[in-house]
1. Looking at (1) outside the structural domain of I33 (by TED's automatic domain parsing); (2) among the β-branched types (V, I, T); (3) modelled with pLDDT of 90 or more; (4) surrounded by fewer than 18 Cβ atoms within 10 Å (Cβ to Cβ), which is the one condition that is false for I270?
2. Tally up the residues in segment 115-151 that are in contact with a Lys or Arg (Cβ under 8 Å, 6 or more places away or on another chain) and of a type in the set (G, A, S), please.
3. So if I check each of T265, T280, which one is in contact (Cβ under 8 Å) with a residue 12 or more places away in the chain and either surrounded by 14 or more Cβ atoms within 10 Å (Cβ to Cβ) or within 20 Å of L215 (Cβ to Cβ) (or both)?
4. Yes or no: V145 assigned by TED's automatic domain parsing to the domain that holds I33 and either within 18 Å of the chain's Cα centre (by Cα) or touching a residue at least 60 places away in the same chain (Cβ under 8 Å) (or both)?
5. Do we have any residue at all in segment 108-127 that's closer than 30 Å to V8 by Cβ, touching a residue at least 40 places away in the same chain (Cβ under 8 Å), surrounded by fewer than 19 Cβ atoms within 10 Å (Cβ to Cβ) and in the same structural domain as V163 (by TED's automatic domain parsing)?
6. Which of the following residues is exposed (fewer than 15 other Cβ atoms within 10 Å of the Cβ), at pLDDT 95 or above and in the same structural domain as A191 (by TED's automatic domain parsing): S25, S86?
7. Tell me the helices (runs of 4 or more DSSP H) entirely within segment 111-230 that contain at least 3 residues that are modelled with pLDDT of 90 or more and closer than 12 Å to I33 by Cα.
Amino acid sequence: MKNSVIEVKDFRKTYGDYVAVDGISFDVKQGEIFGLLGPNGAGKTSTLECLEGLRAPNGGSLRVADIDPASESRKLRDLIGAQLQSAGLPESITPDEAMKFFCAYHNVAPRFDLLERLGLAEKRNSQFYELSTGQQRRLALALAVAHNPQVLFLDEPTAGLDVATRVELHGMMRELQAGGTTIVLATHDMAEAEQMSDRVAILLQGKIVNIGTPLEITATGAGLTKISVRTQASSLSVSGITFPAVSQHTSKDEYSIYFSSDIGTTVSAIIAHIEAQGDTLIDLRVERPSLEDRFLEITNAGVAQ
């Protein structure tokens, strides 16, 4: 079993009387991509900032690569990379200058190849304020990974990025993971979290309400499976037809759509009906509840299921 690179125990963060994070615990294994999900104000950014040594916790303990971020922040710097929601770079600095500065700080050679890979080669000598939002975020990512960190923190990394750059970012994440880098990903993009994360933790009002692999989380709760069926003679479009385990039924674009709590029972009954009517099946699609469906179910209910 892989060792835990990040250990969070009874972590608490407050701002005056406001409780941002209320006694959460989790760990992240070496080489794991761990997603932190939650609505605005759930505590994701506060958790990341304390793990990065930017803020001090008000309770509990945090360890990153066996380092206390609050008391050993300088020692932590060379081991972690962080792409924050706001880069915080001077407006007049150029990508070329920023790369030289950050790499000198970490005592590594400048990684100008990352600027090219992320579509910034033509902007190397442009000032930071002249870059678009997407270009600024691409630069922040390049700086975060230039020193090959042991642990990488990404806070909404794909916000403002075009599709091609998102694909490039995900490819870089996979490469870093293959090399042993541990990644903590805070995102509002449920599809991204489901695609990229080995495990996710869902935060709500400062507490973890669910944690597990995306498959484990989507397999629980009241989520119904969507079954879309199209036949040659539209035998399913006749009113009054019912099938077992179906709680909702609708039609769209020549498809009969059923929401079932028991896939096997429903699909078997539908196929039997089509055959009995002498009809021909053209298309049948089964879609499990997505992580976004489950996330909305949890956050709307306000409690873990």
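The values are calculated or read from the model by the stated rules, or taken from the named source; none is laboratory data. Here the structure is a predicted model, which is why all the values come from computation and not from measurement. No Cβ is skipped: glycine too gets one built from the backbone with ideal geometry, and neighbour counts run over all protein chains shown.
1. Every listed condition holds for I270 apart from (4).
2. Total meeting the criteria: 3.
3. Checking each option against the conditions leaves just T265.
4. Spelling it out, V145 is indeed assigned by TED's automatic domain parsing to the domain that holds I33 and either within 18 Å of the chain's Cα centre (by Cα) or touching a residue at least 60 places away in the same chain (Cβ under 8 Å) (or both).
5. Looking for residues that are closer than 30 Å to V8 by Cβ, touching a residue at least 40 places away in the same chain (Cβ under 8 Å), surrounded by fewer than 19 Cβ atoms within 10 Å (Cβ to Cβ) and in the same structural domain as V163 (by TED's automatic domain parsing), one finds at least one in segment 108-127, hence yes.
6. S25
7. Passing ranges, in order: 163-178, 190-196.
Residues are listed down the side, and each one gets a yes or a no for (1) of a type in the set (V, I, T); (2) touching a strand residue (DSSP E or B) at 6+ places or on another chain (Cβ under 6 Å); (3) in a helix (DSSP H, G or I):
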residue	(1), (2), (3)
K13	no, yes, no
V19	yes, no, no
I24	yes, yes, no
P39	no, no, no
S46	no, yes, yes
G53	no, no, no
G60	no, yes, no
P69	no, yes, no
K75	no, yes, yes
